[in-house]
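> Just dropping this structure here.
Laboratory data are not the source of any read-out in this text; all were calculated from the coordinates shown. Everything quoted here is computed from the prediction, not taken from an experiment. Cβ atoms come from the backbone with ideal geometry, glycine included; neighbour counts cover every protein chain shown.
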Amino acid sequence: MNCEEVKKVIQLYLDNELSARDSLEVQPHLEACSSCAALLAYFTRQDDALRAAARAETEEHSQLRAGILAAIQEAIENPTPTTSSTTGSTTSSAPSPTTSPTTSPTANKALRRPVWWQRPALRRIAALLVIAIAAGFFLLRGSSPFNEKVYADAVADHDHHCTLEILNKFEKAGYVFSRREEIDERVVAYSTLQHAPDLTAFGYDEPRAVICKLNGMKTLHIVYQSQSQEPLSIFIRRRDGEMIKKELLELTRAEHKLVSMARNGTELVVVAALDEAQALGITKAIAAQFGEANSANAIR
Amino acid sequence: MSEPQLEKFEREALTNLDALARVASRLTRSRSDAEDIVQETFLRAWKYFDSFDAGSNCRAWLFRIMFNVINFREGKKTRLAETSLDDEDRNIEYERGNVFAFDPLKKIEGRELMEATARLSADYRAVLWLVVIEEFSYKEAAEILNVPIGTVMSRLHRARRELRKLMLTGKATGTDS
């Protein structure tokens, strides 16, 4: 790809909306071209600064929340009939009532005969079907492919970014950050922490941060180096939605130990080539830095 | 609907209040308008919560409702005007050579950047907020705004470039916003 082609897709690349194949073509150009790398770096920094500023400005809305709940409570206590003209929207996909009774003669004729939900036997069958579907949902939920993609992406990103050669190259291109204030700025934007977790007690230091995507969701990836151990990665993002389960989860993928959990509004995935006990110990130490007094005991 | 349903609504829907209020306040520029919009959004969502598909994205659903509320309040009773990627791209010029005269280590001031966004058109601000701040995908943003994905892409592209221009030329703050 040449500069003109890369510049046309650079924002797609930034937003991880490019196909894997196109991304593979863009990457070598970015490593070789300082102009295009600078453009990407600028947009990355602009986005990160905007995100951090927007979150810092977020106000407290307890009064608004209370007002909404009061209005809903009023609606529960004094229900009004649902009509089909209350949404005020047109062809948009806002919810629209689909169960309000019609007033046509045909509909009135149909209502004279008992419909299926008015027949006890059919109601029982429907109830059993709902229970069976719900049970199937909950049984499958533990093995949802949704979470598996998160862990697969975490391992792939860890392997891609954890060598010093790659980190140095990407830092020159502008999308890996090594200065503490730059890393902490991103930590604040991507989590409820104020600083990058301190792992010196475990022999890890020299963090470097890069923005990546796990299962399509932007996440802050911090790589830690060690003199005597393989590099370690942590992935953090604010928990608005559910990238991973809240409960602590330990697993092994492609010879890496992974531990994930959510605490205090932040989701965390740790990837390490360590034994299970070490990976768990590091996760607990990071959880303690999230600010919960009894986090270590709460985990196990 | 019942009390248990209310608990579910609080857990799944009301947790998105901050995000909705954040976007509403940037699109309406008045706190009381923003609060009215958010309140109406949640009341509508509550009304139709029974029909909401539990397996789908509640956050995107709420944002879609909110944009409908905003459009209705502004009297836009038709779909947002669709513009093709070609139309919007016609005037986009791509840089040639290294035109970045800025210092890559210079900190981008968040406050200045926020003021700059106020100078963008409402359409550009909307995509910027949905994709960059709230981190929706292009597809989700297109569904929320009820426009083609190409329109989201082109508006976002231009919004970022406009912001960059405002920041680089020192025109981020102005009196006409």
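> Let me have the relative contact order for segment A:140-290, percent, based on Cα pairs under 8 Å that are six or more residues apart. Provide the component values of the computation, followed by the final result.
Values: 267 pairs, mean separation 31.0, N = 151.
Across segment A:140-290, relative contact order equals 21 percent.
> How long are the semi-axes of the equivalent ellipsoid of segment A:180-241, taking √(5λ) for every eigenvalue λ of the Cα gyration tensor, in whole Å from largest down? Intermediate results must be reported in sequence, preceding the final value.
Numbers: eigenvalues 87, 35, 17 Å².
The three semi-axes for segment A:180-241 are 21, 13, 9 Å.
> Can you put A:252, A:283 in order of Cβ neighbours within 10 angstrom, beginning with the fewest?
Values: A:252 11, A:283 26.
Neighbour counts put them in this order, fewest first: A:252, A:283.
> Now, a different point. With just the Cα atoms of segment A:163-291, tell me how far they stretch along each of the three principal axes, in Å, largest first.
In descending order, the Cα extents are 38, 32, 27 Å.
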